[in-house]
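Colleague: Quick one: the structure is below, and I'll ask about it shortly.
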Amino acid sequence: MFRIHHFVREALQPGPVPPRRDLPGPVVIWNLIRRCNLACRHCYTNSYDKDFPGELTTTQVFQGLADLKAAGVRVLMLSGGEPLLRPDLFEIAARAKELGFYTGLSSNGTRIGAHNIEAIAAVGFDYLGVSLDGLGATNDEFRRTAGAFEAALAGLRLARDHGIKVGVRTCLTQQTAHDLPAMLRFLETEGIDKFYLSHLNYTGRGYINRGVDAHGEMTRAALELLFEEARRCLEQGVEREFVTGNNDADGVYLLRWVERHLPERAAHVRACLAAWGGNATGVNIANIDATGDVHPDSFFQSYTLGNILRRPFKDIWSDVSDPFLRGLKQRPRPVSGRCGACSHLDVCNGNTRVRAFMLSKDFWAEDPGCYLSDEELGVSPTNDNARQG
């Protein structure tokens, strides 16, 4: 996750450059259930409105939570499918809070209503993220369900009005990009605390629909809009978070924005970006699916490191005999092509490995989702060896 508002603040009001550090335990996104009442075009789990076999019982999830606690995990995002379709969700969330986890809920919002909002509020979720891929018909077409936007909006408003910190997630594609300016106005009028712009990852139905991924200029325009909106909010004292996910080249592009608008702060911002360190797959981000399989991140559902029913999470996560996990934890990573030749590898950390793998079947190939030019990346003919891998 790339925290735009944090780095824009550093450009406007610089503070000490923090040391680069890894978390004691990764942020864990736990897909508790695969079933979902929607069939979104970018779904990385290929979820549908049907039951899937082999999902963990309540008792097994509780044991897994204790296991994560012992492994030093502090942040837990409960996801799906649609997690509100799981009957024991509130029991699981309450146990997570009892164990001291920062506990978030990732939902499509359509299952939040008068029948369960009191139970949701009673859990004390630290954050509730609702997916809205555009406004009105744009969202409904992308999520392939008529009425999904109005249902999600009603759920979002209920959560906000019950004092829950809420955020909106939008996937940037050719089908949704035109709604981004209106989405930013929507945040203002609805009093939304956080906006998450997700780049498309080529996995699950996201692979099937990769042809509608936002092209370079469209991506740049979206990022410019977010940078300027973050700056406006900071200068006006508006507390709103802006983050992006699934394309760590955003950090390098923000540096280019700083060089244009606040050049005297560019060196400081670059040092802060290097301390952030870019892509965290296999290091500060982990995923557990509904059957207990552990993955390097949510999008690598095809690559399993182990299962929490058979081995403690801590042992799975630290086992660098797995060659892919070992490479993910390595700095610099053994990436090739433009990623290997990039002068900002310490900022981006090789970007998103699943996109590279899905198109090349090589874990360490260059990320095809990088939208910066060779010149912007500092890639030159002298880097031929790195470019060839």
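The values are calculated or read from the model by the stated rules, or taken from the named source; none is laboratory data. Source: prediction; values computed, not measured. Heads up, the Cβs are rebuilt from the backbone with ideal geometry, glycines too, and the neighbour counts pull from every protein chain shown. Please note that ligands, DNA and RNA were not included when accessible areas were found on the heavy atoms of the full protein model with its side chains. Shrake-Rupley method; radii C 1.70, N 1.55, O 1.52, S 1.80 Å.
Colleague: Look through region 178-205, keep the residues that are in contact with a helix residue (DSSP H, G or I) (Cβ under 9 Å, 6 or more places away or on another chain) and at pLDDT below 90, and return whichever of them is farthest from Ile120 (Cα to Cα).
Modeller: In this case the residue turns out to be Tyr202.
Colleague: Return yes when Val75 is touching a helix residue (DSSP H, G or I) at 6+ places or on another chain (Cβ under 6 Å), open to solvent by 40 Å² or more (accessible area, probe 1.4 Å) and either modelled with pLDDT of 90 or more or farther than 30 Å from Arg265 by Cα (or both) and no when it is not. Quick ask: steps written out before the conclusion?
Modeller: On the way: touching a helix residue (DSSP H, G or I) at 6+ places or on another chain (Cβ under 6 Å): no; open to solvent by 40 Å² or more (accessible area, probe 1.4 Å): yes; either modelled with pLDDT of 90 or more or farther than 30 Å from Arg265 by Cα (or both): yes.
No: the conditions fail for Val75.
Colleague: Just for region 37-48: of the residues that are out of contact with any Phe, Trp or Tyr (no Cβ under 7 Å at 6 or more places or on another chain) and within 12 Å of Gly80 (Cα to Cα), which one is modelled with the highest pLDDT?
Modeller: By that ranking, first place goes to Leu38.
Colleague: Give me the pairs: first residue in region 1-22 and open to solvent by less than 70 Å² (accessible area, probe 1.4 Å), second residue small (Gly, Ala, Ser) and not in a helix (DSSP H, G or I), beta-carbon distance under 9 Å, and six or more apart or on different chains, which are they?
Modeller: Phe2/Gly245; Phe2/Gly278
Colleague: I'd like the full set of residues that are under 22 Å from Ser373 (Cβ atoms) and either of a type in the set (Gly, Ala, Ser) or open to solvent by 30 Å² or more (accessible area, probe 1.4 Å) (or both), limited to region 214-245. Quick ask: steps written out before the conclusion?
Modeller: Of all residues in region 214-245, those under 22 Å from Ser373 (Cβ atoms) come to 214-228, 244.
Result: Ala214, His215, Gly216, Glu217, Met218, Arg220, Ala221, Ala222, Glu224, Leu225, Glu228.
Colleague: Residues in region 140-149: is at least one open to solvent by 10 Å² or more (accessible area, probe 1.4 Å), more than 11 Å from Thr110 (Cβ to Cβ) and modelled with pLDDT of 95 or more?
Modeller: Scanning region 140-149, I find no residue that is open to solvent by 10 Å² or more (accessible area, probe 1.4 Å), more than 11 Å from Thr110 (Cβ to Cβ) and modelled with pLDDT of 95 or more, so the answer is no.
Colleague: Could we say that Asp362 is open to solvent by less than 30 Å² (accessible area, probe 1.4 Å) and assigned to a loop (DSSP other than H, G, I, E, B) here?
Modeller: Details: open to solvent by less than 30 Å² (accessible area, probe 1.4 Å): no; assigned to a loop (DSSP other than H, G, I, E, B): yes.
When the stated conditions are applied, Asp362 does not pass them.
Colleague: Being in contact (Cβ under 8 Å) with a residue 24 or more places away in the chain and either within 22 Å of the chain's Cα centre (by Cα) or under 17 Å from Trp276 (Cβ atoms) (or both) is the filter; apply it to region 332-344 and report the residue that is surrounded by the fewest Cβ atoms within 10 Å (Cβ to Cβ). Walk me through how you get there before you give the answer.
Modeller: Within region 332-344, the first condition is being in contact (Cβ under 8 Å) with a residue 24 or more places away in the chain, and the residues that meet it are 333-344.
Add one more test, that the residue is either within 22 Å of the chain's Cα centre (by Cα) or under 17 Å from Trp276 (Cβ atoms) (or both), and what stays is 333, 335, 339, 342-344.
Numbers: Arg333: 24, Val335: 28, Cys339: 29, Cys342: 28, Ser343: 13, His344: 22.
My answer is Ser343.
Colleague: Something else: For Ala159, only one of the following conditions fails: (1) under 22 Å from His215 (Cα atoms); (2) open to solvent by less than 10 Å² (accessible area, probe 1.4 Å). What is its number?
Modeller: (1)
Colleague: Ok, one more. Which helices (runs of 4 or more DSSP H) sit wholly inside region 246-321 and have at least 2 residues that are of a type in the set (Val, Ile, Thr) and surrounded by 15 or more Cβ atoms within 10 Å (Cβ to Cβ)?
Modeller: Working: elements: 249-261, 266-276, 313-318.
Output list reads 249-261.
Colleague: Hey, another quick one. Among the residues of region 162-185, count how many are open to solvent by 10 Å² or more (accessible area, probe 1.4 Å) and either among the basic types (Lys, Arg) or farther than 25 Å from Gly216 by Cβ (or both).
Modeller: 6
Colleague: Among the residues of region 46-72, which ones are in contact with a Ser or Thr (Cβ under 7 Å, 6 or more places away or on another chain) and open to solvent by 40 Å² or more (accessible area, probe 1.4 Å)?
Modeller: First, pick out the residues of region 46-72 that are in contact with a Ser or Thr (Cβ under 7 Å, 6 or more places away or on another chain): 54-56.
Passing the criteria: Gly54, Glu55.
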